Number of protein chains: 2
Amino acid sequence: MLYAPKEEIFLRINRLKHLMEKASMDGAFFHYKIDYYYLTGTMQDALLFVPLDDEPVLFVKREVSRAKRESPIKRIVSIRSIKDIISFIKTMKNVGVQLDVLPYNDVIKFKDILGDVNLVNCSPLTRELRKIKSPFEITLLERAAAIQKMVYEYIPHVLVEGMTEIELGGILEAYAKALGHEGILRVRSLNYEAYTWHILSGRTGSIVSQSDSPMGGLGLSPAFPVGASMKRIKRNEPILIDFGICYHGYQIDQTRMFAINSMPKIFVDGYEACREIHYKVLDKILEGWTSKELFEYSKKLADDLGFSEYYLGFKPHKVKFLAHGIGLELSEFPFIAANHDYPINDGAVIAIEPKMVFPKRGACGIENTVHITNGKYRILTNTEERIIVI
Amino acid sequence: MLYAPKEEIFLRINRLKHLMEKASMDGAFFHYKIDYYYLTGTMQDALLFVPLDDEPVLFVKREVSRAKRESPIKRIVSIRSIKDIISFIKTMKNVGVQLDVLPYNDVIKFKDILGDVNLVNCSPLTRELRKIKSPFEITLLERAAAIQKMVYEYIPHVLVEGMTEIELGGILEAYAKALGHEGILRVRSLNYEAYTWHILSGRTGSIVSQSDSPMGGLGLSPAFPVGASMKRIKRNEPILIDFGICYHGYQIDQTRMFAINSMPKIFVDGYEACREIHYKVLDKILEGWTSKELFEYSKKLADDLGFSEYYLGFKPHKVKFLAHGIGLELSEFPFIAANHDYPINDGAVIAIEPKMVFPKRGACGIENTVHITNGKYRILTNTEERIIVI
């Protein structure tokens with residue numbers, strides 16, 4: 001197992017404190033494991049307290065010796081009750097708490113413990129820091145991509161006519177897990193669950209569902225109405241495989257197209273249009289265009305290529321994003337989206353996914369996870385891009 | 001796909017209204033998909049509003065036609081913005097909102113829309129209703145158990161010396177998915193994630209982690225520090241397989257013991273002690289003992305059998321529950337636990353899991369999902385209980 005380097009954790013804490021100072025926070029608490037993992041290197045059941053003018057304290061409920069092994073944080077203490085934290089807290093005025101994810105009742109209880117303080121949401125601070133990936137994080141993403149490449153190269157060996165989408169999903173998941181894939185993808189949401197087995201064949205690619213995706217898929221039941229289904233995969237239909245991988249908490253996203261015997265021309269053309277959009281938008285990222293401009297530009301390209309009706313879904317189900325940041329969460333900053341107005345800065349890692357959905361027929365598209373670095377882009381998901389026809 | 005019967009949904013809504021009346025709520029909103037699925041039959045992205053004196057309204061963000069197909073609720077409307085709900089709301093005084101799961105910031109925004117009302121947590125109402133399972137729910141649990149039985153019967157065909165825990169987990173997961181297992185288990189928690197592949201061999205069974213379980217396991221990384229790991233499975237060690245299945249949203253939990261060549265005597269003895277505790281506690285449930293009494297009784301039994309040191313973990317990592325309710329969530333009411341004081345009523349479904357953990361050596365135990373019905377207990381997880389030695 002890899003542990004986050006000490007220097008990296010201390011650098012992250014220092015950068016956090018800098019942002020806390022700018023936001024006038026005297027201290028900040030991180031209850032959400034994705035964020036305290038980023039700041040400490042451990043996901044044991046814990047609560048992180050970062051005072052502006054002192055060393056951070058990690059309060060661990062379970063299991064403290066493991067947290068100490070995994071995290072270089074110096075003050076790691078065991079707590080039984082949340083009230084045990086009081087002795088570590090000095091008088092504070094503005095206190096950061098993760099108000100965007102922590103349930104209302106938990107915040108109220110926590111406020112009772114803190115006493116008369118002004119609560120401020122501190123999640124924007126970690127979300128800001130996490131936008132820029134470090135070399136260590138890129139290494140983990142590269143390892144995730146290496147697992148993913150092996151999985152995609154395995155597909156032609158196992159994909160056969162008549163198998164169900166979920167059967168293929170399960171086989172790929174098993175293969176990926178044996179290589180270190182953690183099986184769970186993570187999103188910051190009460191209701192939306194990410195999952196790995198997003199495999200859509202033929203018309204299931206045109207089925208819309210609860211997820212904010214051009215194509216939701218049929219899924220297995222009303223209680224899991226997304227992704228791979230019991231539909232059997234046939235010859236001569238598009239097979240869209242959007243199979244995320246998670247390695248040491250870092251996620252990578254990629255979509256490639258497959259077919260048995262042949263791929264209908266409209267999907268081949270749609271796929272090539274998606275590739276063109278994908279590369280042209282990447283070029284404009286490097287020129288400093290803002291998120292909004294990039295999104296509009298991609299729509300313009302889809303129009304010019306004759307795919308406006310199908311680009312990012314069909315009406316009224318079109319989605320309003322083309323790319324999402326990716327790392328510890330499947331969907332994090334920065335986004336390329338209709339209502340986001342900032343450039344995609346150097347250091348960002350985004351999953352860019354132009355897709356076309358043809359009503360009742362299916363879907364096609366490409367997705368790569370891309371690192372913007374030193375004024376260039378570098379595609380981390382290095383699986384070959386041609387359509388694989390078996 | 002199975003849809004929840006119309007009569008069942010209407011009955012649930014009526015029972016909810018009865019509880020709302022008792023709690024003096026004029027209306028209640030359900031934002032959390034597990035609960036609105038229970039009340040409507042759909043998990044599309046939605047918000048359910050139940051006025052005390054009128055028909056419920058399901059506001060659907062995505063995708064409304066699918067919600068209409070899945071749910072018998074009469075008023076299903078499409079919304080773009082949360083503000084669209086205003087026209088459906090009459091003046092109310094006490095309004096239910098799910099304050100235990102909805103993030104603080106979302107509650108504050110929502111309160112702005114509702115205006116001057118008194119917010120009350122309405123989650124206890126659905127959690128109360130969900131304690132008693134209907135015949136339809138039992139059917140789904142039985143189907144989940146049937147998948148699980150097939151998975152466990154598959155184990156002797158694929159378990160070989162030298163494979164990693166996660167490799168076995170992936171193979172079983174693939175097999176289960178092909179049969180309809182949904183791959184995701186669900187818990188009501190910000191930080192705790194459930195997963196299917198809880199496979200622990202030899203000493204990984206004694207590794208404690210962040211989860212509230214006697215044995216956490218090693219997991220794959222500090223970012224996924226629970227469950228199956230890259231440890232290779234050896235001969236002559238206990239292999240604990242706690243492999244949950246989810247079918248149409250309903251989860252079932254079961255633990256059985258396996259070994260290659262032989263199982264060391266202490267684990268065989270520990271397993272038989274667990275079985276004895278399991279059955280003796282079930283008998284006392286039928287006699288109307290309270291949760292607390294049942295828990296203390298199980299501890300007494302473990303003492304008498306000579307396993308007090310190892311029962312439900314070793315010090316200081318012992319857990320304080322023996323059983324959890326199970327259904328749409330992996331862990332729901334009722335519990336058999338140190339600090340719960342109620343009887344386990346007729347209609348409940350619980351997963352009862354006495355387990356022994358031997359420091360540095362490993363773990364053993366049994367788990368069954370059991371339906372308490374008509375004054376009897378019925379074990380839903382009907383996989384044979386003997387230790388399987390390959």
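Here are a few things to note about the model shown:
- With label points set 7 Å from Cα along Cα→Cβ, the inter-copy distances at A:Ser134 are 5.2 nm, sorted shortest first.
- Label geometry 7 Å along the beta-carbon vector: A:Lys93 inter-copy distances in nm: 4.2
- Net charge over other residues, Cβ less than 13 angstrom from the Cβ of B:Tyr250 (K, R count +1; D, E count -1): -2
- Across identical copies of the chain, B:Lys74 has label-point separations of 6.8 nm, listed in ascending order, with the point defined 7 angstrom from Cα along Cα→Cβ.
- Its Cα centre serving as origin, region A:1-146 has a Cβ charge dipole (Lys and Arg +1, Asp and Glu -1) of approximately 260 debye.
- Whole-angstrom Cα spans of the protein assembly as shown along principal axes, big to small: 78, 60, 59
- Extending 7 Å from the Cα toward the beta-carbon at both B:Arg275 and B:Asn345 defines two label points whose distance is 3.4 nm.
- B:Lys90-A:Glu55 pseudo-label distance in nm [points 7 Å out on the Cα-to-Cβ vector]: 6.2 nm
- Build a GNM of chain B with springs between Cα atoms under 10 Å apart, and of B:Arg15, B:Arg188, B:Arg80 the one that fluctuates most is B:Arg80.
- Shape call, region A:351-390: gyration tensor on alpha carbons, a/c limit 1.5: oblate
Every read-out reported here was derived from the displayed coordinates using simple, explicitly stated rules and does not represent laboratory data. Because the structure is a prediction, the values reported are computed rather than measured. When we count neighbours, we look across all protein chains shown, and the Cβ atoms used for this are built from the backbone with ideal geometry, even at glycine.
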